[in-house]
Amino acid sequence: MLQYFSSLDPITLLKSFPGSIAQGMVWGVMALGVYITFRLLDFADLTVDGSIAFGAATCVMLIRSGVHPVFATFFAFFAGLIAGIVTGLLTTLLGIPGILSSILTQISLYSINLHVMGQSNRPVSVDNYPLVVSLRYVTGSAATSLIFFAGMLIFLVMLICALYWFFGTETGSAIRATGCNAQMARAQGINTGYIKVLTLGISNGLVGLSGALYAQFGGAADINMGRGAIVIGLAAVIIGEVIFGKFVSKRRAAFAWTMGAVVFGSVIYYMVYQLVLWLKFPSEDMKLLTAVVVAFFLAIPYLREKKSSAKGVKSGE
Amino acid sequence: MSKALVLKDVHKVFNKGTVNEKVALDGVSIELDPGDFVTIIGGNGAGKSTMLNAIAGVWPVDAGQIIVNENDITSLPEHKRALYLGRVFQDPMMGTAVTMVIEENMALAYRRGGKRTLRRGITHEERELFKEKLSTLGLGLEERMTTKVGLLSGGQRQAVTLLMASLKKPELLLLDEHTAALDPKTAAKVLEISDQIINEYHLTAMMVTHNMKDAIGHGNRLIMMNEGKIIYDVRGEEKKSLHVKDLLAKFEEVSGTEFDNDRMMLS
């Protein structure tokens, strides 16, 4: 036991935190996409696992062919957008259940990503290209690190502001209404099929963008980089809601704060991830651990309701 | 004068070709004049709600024609028919988006039939208008415009849904047992509000009800349905002088069976 504790070096942990915070911010973009489908549209969208790699593959191949990384990152948004639209069309036009539609898109993206990359892994080095983000900026000088975090923070704040504005528009309101009560939305003349396709597109666009950032951050696009991404996204959403729920609900513009909380949730996820690894938890079990944590937090509202209704029956006697 | 609604020989069979096959609408034809307020009664599975759903376009009909104010809407999808229709459902949860606040719900209804663009979801002028309209309900909801609808009582929700259905004047208001899930006192209040809104905006309306007294006491016309058909249609003075026992007798005379509805309130 003593040996175990003496083998843990707090300095190593502290040194690794900037990297995990950075990674959390990059994945925060994806978490926002997951939040939009899962919470606002009430749609469990597994396209995410495929579209994150699709965004990464598109971005890396464009950069390698000479496109400026900024534009390549921008294009990755559209790659994700298309993936989301395909899922949307499968479910609205062809009547395939939503979750199955998203699995079909996800699986087909595996082949498509292999075609895009020509092999299962494609590196993109910060030495050769002026990448938008990179782990090397974080681990490099204090100046590059500061620029990275400041830039990423400004980008996330702008993104959240844009989403806040969008979900306050007529179209954004229609999305929220469709997610809450599709029957009511149709009775108010909202084309719920179109809204679903649109929302899945926007959400996966963000996921694709996140994939592009992540590939540049880590220096490569990999065919397996999206595996389990949806679970990490859900973890970020749930961690954000659980930790900041009370704080957020009392604010003006609570919706914007909620999205901020989701990004924070992603950062916290990666910090905890780092902590657990540092405690020498076997890395091959990390996905299992994540899944258990997500299952636990998803079950809480249901179990709480069950308990309170059981109480209600008792006191009613 | 053009008709507010024309149903021409509308047919609908559910689960066709299976053991659960059910003829829900068996050649329903009816014409409504503008300003008509029709109450609809009938036994279990008579086709009352099915007729309203056929008009609203919840699913396509098998045969027949549905014309609202000279617009043939038979082949339009549900969200496009919303341009012509205001709807209030039996379940108070159904008519509103419960996670959104009152004014947001009203803003959604105010855009019924319009294009949803990137303009603001709700404007200042609209807030003033909604406040004024809400105050006519006399429920104090004008002070709670930013309350989530999920926190309102069933009666309050139905009142808000009624107001939403009339914000943009519909060609036809469909009330599908919209007081059935409420306690008697609240139901009476919501009915009163329904009358008030229908009169104030000169709406054409159809109201399915399980309360025969309400069916007689409201509107200018009453129809009775049985086995997917309209079996009795009465209006004006004749309707006013009706009694519940007349309706029961009429039902037995036409259908040859006893009136059967577990929820029908006979007194």
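The values are calculated or read from the model by the stated rules, or taken from the named source; none is laboratory data. Note that the coordinates shown come from a computational prediction; the quantities given were computed from them, not determined experimentally. Counting neighbours? That spans all protein chains shown, and the Cβs are built from the backbone with ideal geometry, glycine included. With ligands, DNA and RNA removed, areas are computed over all heavy atoms of the protein, side chains included. Shrake-Rupley method; radii C 1.70, N 1.55, O 1.52, S 1.80 Å.
Against the test of being farther than 14 Å from residue A:33 by Cα, in contact (Cβ under 8 Å) with a residue 24 or more places away in the chain and open to solvent by 70 Å² or more (accessible area, probe 1.4 Å), the options A:250, A:287, A:307 yield a single qualifying residue, A:287. Candidates are the residues of the range B:90-106 that are farther than 18 Å from residue A:255 by Cα and more than 7 Å from chain A (Cβ to nearest Cβ); the one that is surrounded by the fewest Cβ atoms within 10 Å (Cβ to Cβ) is B:91. Consider the range A:163-179 and keep the residues that are without any contact (Cβ under 8 Å) to a residue 60 or more places away in the chain and more than 7 Å from every other protein chain (Cβ to nearest Cβ). The one that is most open to solvent (accessible area, probe 1.4 Å) is A:165.
The single condition among (1) in a helix (DSSP H, G or I); (2) touching a helix residue (DSSP H, G or I) at 6+ places or on another chain (Cβ under 6 Å); (3) at pLDDT below 95 that residue A:136 does not satisfy is (2). Among the residues of the range A:180-191, those identified as within 7 Å of chain B (Cβ to nearest Cβ), open to solvent by 10 Å² or more (accessible area, probe 1.4 Å) and farther than 10 Å from residue B:78 by Cα are A:180, A:181.
Here B:95, B:27, B:64, B:17 are screened, and the one residue that is part of a loop (DSSP other than H, G, I, E, B) and at positive phi is B:17.
For the range B:156-267, the strands (runs of 3 or more DSSP E) that sit wholly inside it and include 3 or more residues that are charged (D, E, K, R) are B:229-235.
So that you can scan it fast, the table gives a plain yes or no per residue for (1) farther than 17 Å from residue B:85 by Cα; (2) outside the structural domain of residue B:256 (by TED's automatic domain parsing); (3) open to solvent by 30 Å² or more (accessible area, probe 1.4 Å):
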| residue | (1), (2), (3) |
| --- | --- |
| B:206 | no, no, no |
| B:209 | yes, no, no |
| B:215 | yes, no, no |
| B:225 | yes, no, no |
| B:233 | yes, no, yes |
| B:240 | yes, no, yes |
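Counting only residues that are facing chain A (nearest Cβ under 7 Å), crowded, with 18+ Cβ neighbours inside 10 Å, touching a residue at least 24 places away in the same chain (Cβ under 8 Å) and of a type outside the set (D, E, K, R), the range B:109-124 holds 1 of them.
What's the number of the only condition in (1) at pLDDT below 95; (2) within 12 Å of chain A (Cβ to nearest Cβ); (3) in contact with a strand residue (DSSP E or B) (Cβ under 9 Å, 6 or more places away or on another chain) that residue B:166 fails to meet? Condition not satisfied by residue B:166: (2).
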